[in-house]
């Protein structure tokens, strides 16, 4: 079917919306990468089989045929609460089942068809309070979120364009094509205050306007889906869970800047996102919402997918463009900016996935409404991947300006196992640490920059007292060194040398003079590097030196790891008071480092000890001390 | 003090008026501040990688001057503490990872890294040592690549791809493991490197250097059983002086001869006479082609890098390449074939050493077709730089060396032979000859200005007896590539095309003293044309010694003798080196050799499917045991790919669908034939 006018779009949206209403029940099985990995597709098959076995009317597609009613089972996009997957959501009611296995299918369907209450063992139970929650929206993890970009994720079937249209999809595109000039669109985006969600926070509207006024017959719109930070998966979830929103945002951008061709650069490591985007593009083309003469307005826009080969640096826009062109992904100096000379030398607008996903909302609701959430300088919401030592981990979306405390304690449910909070690493390998003192700071692009961190791609890693911040910085430095494209000297050689010093520190071979050299080098790399990757690579180190310098000094001067993480710096000793001389430790020691006489305190020869820790776990009297 | 206008910027607090400068680097240099850089070259694209040219801009922080355009009102600091820290750190980081065996390095004293480390007074390196030792690639006849000294500035990469249009070098790997290397870590000799050496000419360190053969020269000079003969190329005489503090372009021919004699050379000859001979042969070839109306232009063949380029890139180009050997090889051939006899010597007793501006000449001299009965026509090629090394080593004060003149008979030359050293010279010399040969009239105005100079493509049209002969001159293989594309598409049409691989011609050869800014090149070119102007004779056909050679040895241009001595033939190098991949190996007595090409052309047209289909069908036909099946790389049937070879016969257009019929029609009969 072809949607060739705004009227048809409205009629069909209405018809399909009514299709939903006929359902008596809807079972949404999360088919995001996390849940799929945990077996959600088997859950989907089991549920389908179960419903069929019971002869209940079931459609695996969205729309029930005329005059019918029954249960629909669909695969949805990511709900964000990945740690609890596979997730199954029931409509109406918004009941969320967690950690569902295929063996639960019978119970779920029985409860649903027989009108019993939800299956209690599959409901979320708060790890601290023990309270049980049935409705998704009441779970603290969701309750404090504002899901606008992620609004459809987990709610609609991302492989069926009709669901997106039924939810008001492509209305923003229709609006700009019929009611607004390209300049109006750019102005609306400028007025909205939307800033690039890829990390830098550059005003999106200004980028659009610059590309619009740039001269050229041929222009491109490029979507940056090369999300490469360790642990970050916001863009993946959007591409998997609501691909049409990204396509719609890109088409609007194409109209605004005067481009008829778009590229989505997506990591090849995101096969599901690639597949969903391909399906979405195909369906949009078939319906005429992409392609030639969209909605009968004469506007043409096509989108191609380019799979990246897994280089972190290709998230940098000029490297990404080089990669699309088939060149080695290396950044080039700016200016010229892509808006002047981008893909194949043509004016190019390049935005991140989440930025494009914000666009339909900006257009539909208008700049004013958009500005109502978030802060004055950073309006709107931001998605984060919350990981680390908090009770609830997963994908979250919060208004800009939320405090760290709300994220860690309300959404994240506090720290696991009653441990003490130490820091939050924000922005992955490009970001920095936030500590106790930042707990009540309003988080947005500018406040984070002012304390030496950045939103970056939006990874949030919560650490506790058992985390060694030196090792933490080493981990990120190892990542950036491996991912540096090697073009400019400060990044290529500087990260190597910073890593060398950090490695020395955790290996117990740190030198006192390293403290000064490391800081000086980090500053030089930050100043001197060519692209964002290099300029931000020292951030984890600098922020470690700013907030946890004593820990680093302890490593390189006192040869001690205060968190007790760095094996090389651990020493074991036997407390003669507690030791009963049972000899268990000396028997498990693989290198014969422990000697003594029965019933008298034993001793550890630190020269021979390989710090394997076997003795500690063998001691029935907890007489062996680490540190 | 300058006044401040709306168009002013401030450099270290001094107002400076903008005057269309495209980047801060040129602007800052204009006011007398020498910003250091490794990766900025005016003739290459802006790369912005070395971060040595950083400056601090108020309100913006640290930027690279090379890639930042100035805007009015900008306040630029060129030596602030932040700038100093970045520069110093970059230098230290580079030095830390550099193999610092400076004293024995080819580039000792002529190395940018050494120079800047010295200028910035780096005395201590706070970081560790280089932690890997990569193998040195000395496979090439001309260039030695030592990745341990590479600072990854990318100058060679851009030179090879942007200027030369070849691109054999590029970056591989990530992070601190990044290397500049030919594809798949192959050696320089295994890829389509043409040995032009321009990579080494821009390399700031000892990572790419010209292969030195100075020791072999000393050895030959010390060998009493050898008559050691030098030939000196035209471009050497306008550049060698630079190595000894003289101005670029100063003609030092006499001193070169004097110095060579004092180094112990028995005879010192001039390559220019062989250039005159080349003109006689090549112009005759051109006129013959014009008379016969042969399609396509005649390409010159003096430049060995261009010849190798042609061999790699166009099997259909080779038939248009002049069969004339280069002047270097004509000289060697004459000396060993004829002059040795006059001396009563065997060819092996004469040792010919060329002094060339060129690195590719080393490769040319080693080509097997220029070796007769195990004796090479040219035994050794030294670059201008290597000669200066020998002069320094000997302790000679070059400036004080008494000028001497070339020995006879290979010492008498014309201006036409001299201008071979600059781009356009061969074509100009050929036109001087062609005009007189065709029209029979004397050419009064011998200067063809339109094909001189540094424009990428230069053209001239000459009326020869009513026929308009169109001549094109290109230099830099990138320009040549562009011209070839135009010729192929029919957009351009010429009768005669001169190609020199190096930008500006031989004066800019990679064997010349390394100071390749445009002013130096222009001064050398001026020197060349000045030498031409000073010559008594300006046309090759007027050279009485050349006439004598024909009379004595060669009869006439393009005679049988001339062909034997002065011409050569070419073969394509399109094939990628590498072993075939054996897929099926038959131990039967009766078997067929079957090879499927997986070269680029064939692969893109589906030869991989063809290969798989062969395996399937062989099984179906029950002949799998009787096949030697190989995957091979380029059977040079690119126009009709996918190509398949059955025993010695090559067949084109064998797509997967055609495999069944092909086995019936070609493979099975071949098997039958074997049995008989």
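Here, each number is a calculation from the coordinates, and none is a lab measurement. Here the structure is a predicted model, which means the values were calculated and not measured. Positions of Cβ are backbone-derived with ideal geometry, glycine not excepted, and every protein chain shown enters the neighbour counts.
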Using just the alpha carbons, could you tell me how many Å³ per residue the convex hull of the range B:519-631 encloses? 234 Å³
If we sort B:638-650, B:124-136, B:91-103 on the protection proxy, mean other Cβ atoms within 10 Å, highest first, what's the order? B:91-103, B:638-650, B:124-136
In nm, spacing of pseudo-spin labels at residue A:376 and residue A:297 (7 Å Cα→C-beta vector): 3.4 nm
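Please give the direction-averaged projected area of the C-alpha convex hull for the range A:469-556, in square nanometres with one decimal.
Values: hull surface 18.5 nm².
That works out to 4.6 nm², a quarter of the Cα hull's surface.
From the Cα trace of the range B:435-547, what convex hull volume per residue do you get, rounded to a whole Å³?
Working: hull volume 15.4 nm³, N = 113.
Value for the range B:435-547: 136 Å³ per residue.
Reported to two decimal places, what Rg/Rh ratio describes the range A:83-159 when computed on Cα atoms with Rh from the Kirkwood expression?
Working: Rg = 12.9 Å, Rh = 13.4 Å.
Reported Rg/Rh, Kirkwood definition of Rh: 0.96.
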Rg [Å, one decimal], Dmax [Å, integer] - the range A:17-143, C-alpha atoms: 14.1, 48
Does anyone have the angle between helix A:204-213 and the longest principal axis of chain A? Alpha-carbon axes, 0 to 90°, nearest 10? 50 degrees
How large, in Å, is the protein assembly as shown by the Kirkwood hydrodynamic radius built from its alpha-carbon pairs? 36.4 Å
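How big is the antiparallel share of DSSP beta bridges in chain A, given as a percent to the nearest 5? Write down the numbers at each step before the final one.
On the way: 36 of 67 bridges.
So the antiparallel bridges in chain A amount to around 55 percent.
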Rg followed by Dmax, in Å, when the range B:93-210 is reduced to its Cα trace: 14.1, 41
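Assuming R0 = 51 Å, what is the FRET efficiency of residue B:43 and residue B:655, from their Cβ-Cβ distance, to the nearest 0.05? Before the final figure, lay out the partial values.
Values: r = 45 Å, r/R0 = 0.89.
E(calc), rounded to 0.05, equals 0.65.
Rounded to the nearest 500 deg cm²/dmol, what is the calculated helix-only ellipticity per residue at 222 nm for chain B, with -39500 (n - 2.57) per DSSP H run of length n ≥ 4? Kindly include the intermediate steps, with their values, before the conclusion.
Details: 23 runs with 213 residues, N = 676.
One gets -9000 deg cm²/dmol as the mean residue ellipticity at 222 nm.
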Can you list, largest first and rounded to whole Å, the semi-axes you get for chain A by taking the square root of 5 times each eigenvalue of its Cα gyration tensor? 47, 34, 19
Report the dimensions of the range A:381-464 along its three principal axes from the alpha-carbon atoms, largest first, rounded to Å. 33, 23, 22
Where both residues lie in chain B, what percent of DSSP beta bridges are antiparallel, nearest 5? 55 percent
With only alpha-carbon atoms in the gyration tensor, what are the semi-axes of the equivalent ellipsoid for the range A:208-254, in Å, largest first? 26, 13, 7
Column: log10 I(q)/I(0), Debye, Cα scatterers of the range B:571-676, q = 0.16 Å⁻¹: -0.64
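Compute and list, largest first, the equivalent-ellipsoid semi-axes of the range A:169-370 from the alpha carbon gyration tensor, each √(5λ) rounded to a whole angstrom. Write down the numbers at each step before the final one.
On the way: eigenvalues 107, 73, 54 Å².
Computed over the range A:169-370, the values are 23, 19, 17 Å.
Would you list B:655, A:495 from fewest to most Cβ contacts within 10 Å?
B:655, A:495
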Answer check: the range B:8-79, Cα atoms, Kirkwood Rh, Rg/Rh ratio of 0.93
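Residues of B:57-66, mean number of Cβ from any other protein chain within 10 Å of their own Cβ, rounded to a whole number?
Details: counts 0, 0, 0, 0, 3, 6, 3, 4, 0, 1.
Mean partner shielding for this stretch: 2.
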Overall Cα dimensions of the range B:315-474, principal axis frame, Å, largest first: 53, 42, 33
Work out, in µm²/s and without decimals, the Stokes-Einstein translational diffusion coefficient of the range A:174-283 at 10 °C, 1.306 mPa s, Rh from Kirkwood over C-alpha pairs. 107 µm²/s
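Calculate the FRET efficiency for residue B:118 and residue B:33 from the Cβ-Cβ distance with a Förster distance of 25 Å, rounded to the nearest 0.05. Don't skip to the answer; put the middle values down first.
On the way: r = 18 Å, r/R0 = 0.73.
The value I calculate is 0.85.
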Note on the protein assembly as shown, DSSP bridge orientation, antiparallel percent to nearest 5 equals 55 percent
Mind ordering B:466-475, A:461-470 by average Cβ neighbours within 10 Å, highest first? A:461-470, B:466-475
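Compactness ratio of the range A:570-626: Cα Rg over 2.2 N^0.38 Å, N = residue count? Let's see the in-between values first.
Working: Rg = 9.6 Å, N = 57, 2.2 N^0.38 = 10.2 Å.
Dividing the Cα Rg of the range A:570-626 by 2.2 N^0.38 Å gives 0.94.
Order B:419-427, B:10-18 from most to least packed using the mean count of other Cβ atoms within 10 Å. All intermediate terms of the calculation are to be shown ahead of the outcome.
Working: B:419-427: 30.8, B:10-18: 15.1.
Final packing ranking: B:419-427, B:10-18.
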Could you pull the Rg and Dmax for chain B, using just the Cα atoms, both in Å? 28.4, 99
Partner shielding of A:601-610, taken as the mean number of other chain Cβ atoms within 10 Å, equals 0
In peptide A:519-527, how many Cβ atoms from other protein chains are near each Cβ within 10 Å, on average? 5
